[in-house]
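Asks: To start, I am sharing the structure in question, which I have written as structure tokens.
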Amino acid sequence: MKKNIAILGSTGSIGTQALEVIEANPEIFSATVLTAQENADLLIEQAVKFLPKEVVIGNEKHFDKVKSALSPFDIKVYTGIEALVSVVETDNVDTVLTAMVGYAGLLPTIHAIKAGKDIALANKETLVVAGELITGLAKQYDVNIYPVDSEHSAIFQCLVGEEGNKIEKIILTASGGPFRGKDRTYLANVTKEQALKHPNWSMGAKITIDSATLMNKGLEVIEAKWLFGLEASQIDVIVHPQSIVHSLVQFEDGSIKAQMGLPDMKLPIQYALRYPARLKSAYPRFNFTDYPSLTFEKPDLDTFRNLAIAYEVLDKGGNAACIVNAANEIAVEAFLRDKIGFLDISDLIIESLAKISYISTPTYSDYVQTNEATRRFASELIQVKV
Ligand code: NAD
Ligand code: MG
């Protein structure tokens, strides 16, 4: 029996790599649902190749184009937010890979869990915004959440066979991004072109900027709390510029397990889709003598304030991380449009946290309102700044 996969965000960096995994293992996986927001041409190309049962193009402007291009095939084509959210519920899906970017991941993930589908979670923003709600629903509906993020996959892999053994702490590795070692004077004038040049990974624009600000590591600290049920004091971050050690777990006897390999997202993607089995792959192998030194250093929390902010909201709980996520999404978008500077990103997040009301036990509609209010406030602040 083939495993039927829905890929939400199939045209992005994770989505296209997931399709490479599926293409390499046609007897194991079938891509039955594909969704994308804007890139109609690539979505059409993917649909013609993989012949999914259902396709959704988010932006209604592209619907006619996708619909007519796919009319010779037995593929249902939908558009709009409601279709993006509910397409995961079909019987044609076993596992949903959440590979869309940002807050938009939250609602489809909730629908998928309620429909009893396992989640291969790339969209970390979902757990950042509403980790408590999502992990609670997963328990209630008896659904598994398999991490795709390379650090969390590393930890998940280290925990196999350790059932019943307590985690003393985890150590998330960070590449440090393109501005590792730089100071605030330098960062004040960096451009988006510089920020988009990640040293080790090729990814979508939003996560690449998040990697440059260390917001990505901050989001991952919060993601780890919910995935593995940890306290803030049990989550360490260490900068490891070579990105070979993908993360580590320290147990109560002091033993540390690490997961290593060359940076390639296809490995964590296929592990999440086929857990607990490991699929044979032809990806290049890591060679120790090519890397005579693997180095580790402390992150600079004074310069890269977003990581410090993430720890702060982790302790605070409630809707605080939802505020940080929304402000960051608006700030990154503005930085990518050259509206604000690199250091303004943290300022916007800090000002949003001070302004938007804190709710200690938010409901789903509190998250929706927090997200909207924060986006509005952060956008207004940007208008004032420019
Ligand atoms: P990307 O920008 O390359 O792709 C995003 C995909 O989401 C596209 O297919 C796009 O059409 C779709 N999309 C965008 N806005 C949408 C919306 N409002 N509704 C529905 N779909 C929408 O992004 P990416 O780099 O592939 O990252 C996707 C997610 O995976 C992010 O949450 C990111 O943090 C996470 N992630 C990515 C990597 C990586 O290596 N790229 C690694 C770890 C985690
Ligand atoms: Mg990661």
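Asks: Give Glu168, Glu132 a once-over and let me know the one that is among the acidic types (Asp, Glu) and assigned to a strand (DSSP E or B). Let's see the steps before the verdict.
Replies: Details: Glu132 fails: assigned to a strand (DSSP E or B).
Within the list Glu168, Glu132, the selection yields Glu168.
Asks: Further, regarding this structure: Hey, among Glu20, Glu60, which residue is surrounded by fewer than 18 Cβ atoms within 10 Å (Cβ to Cβ), within 16 Å of ligand 1 (Cβ to nearest atom) and closer than 22 Å to Trp201 by Cβ?
Replies: After ruling out the rest, the residue left standing is Glu20.
Asks: What do you reckon, is Glu220 of a type in the set (Asp, Glu), at pLDDT 95 or above and away from ligand 2 (no atom under 14 Å from the Cβ)?
Replies: no
Asks: Do we find a residue being closer than 22 Å to Glu125 by Cβ, modelled with pLDDT under 95 and within 15 Å of ligand 2 (Cβ to nearest atom) anywhere in the range 203-216?
Replies: Yes, some residue in the range 203-216 is closer than 22 Å to Glu125 by Cβ, modelled with pLDDT under 95 and within 15 Å of ligand 2 (Cβ to nearest atom).
Asks: Of these, Ala83, Ala104, which one is open to solvent by less than 70 Å² (accessible area, probe 1.4 Å), within 13 Å of ligand 1 (Cβ to nearest atom) and over 16 Å from Val33 (Cα atoms)?
Replies: Among Ala83, Ala104, only Ala104 is open to solvent by less than 70 Å² (accessible area, probe 1.4 Å), within 13 Å of ligand 1 (Cβ to nearest atom) and over 16 Å from Val33 (Cα atoms).
Asks: Can you pull out every residue in the range 135-164 that is part of a loop (DSSP other than H, G, I, E, B) and within 16 Å of the chain's Cα centre (by Cα)?
Replies: Those that are part of a loop (DSSP other than H, G, I, E, B) and within 16 Å of the chain's Cα centre (by Cα): Val148, Asp149.
Asks: Ok, one more. Which fully enclosed strands (runs of 3 or more DSSP E) of the range 1-110 have 1 or more residues being farther than 30 Å from Ala277 by Cβ and touching a strand residue (DSSP E or B) at 6+ places or on another chain (Cβ under 8 Å)?
Replies: Passing ranges, in order: 54-57, 76-79.
Asks: Going by what's in this entry, would Leu133 be described as within 16 Å of ligand 1 (Cβ to nearest atom) and of a type outside the set (Gly, Ala, Ser)?
Replies: On the way: within 16 Å of ligand 1 (Cβ to nearest atom): no; of a type outside the set (Gly, Ala, Ser): yes.
Criteria not met by Leu133.
Asks: Then there's this: If you go through the range 120-167, how many residues are away from ligand 2 (no atom under 16 Å from the Cβ), open to solvent by less than 40 Å² (accessible area, probe 1.4 Å) and without any contact (Cβ under 8 Å) to a residue 40 or more places away in the chain?
Replies: Qualifying residue count, the range 120-167: 4.
The values are calculated or read from the model by the stated rules, or taken from the named source; none is laboratory data. The structure presented is a predicted model; accordingly, all values stated were derived computationally and were not measured. Note that each Cβ is placed from the backbone with ideal geometry, even for glycine, and that neighbours are counted across all protein chains shown. Heavy atoms of the whole protein, side chains included, go into the accessibility calculation; ligands, DNA and RNA do not. Shrake-Rupley method; radii C 1.70, N 1.55, O 1.52, S 1.80 Å.
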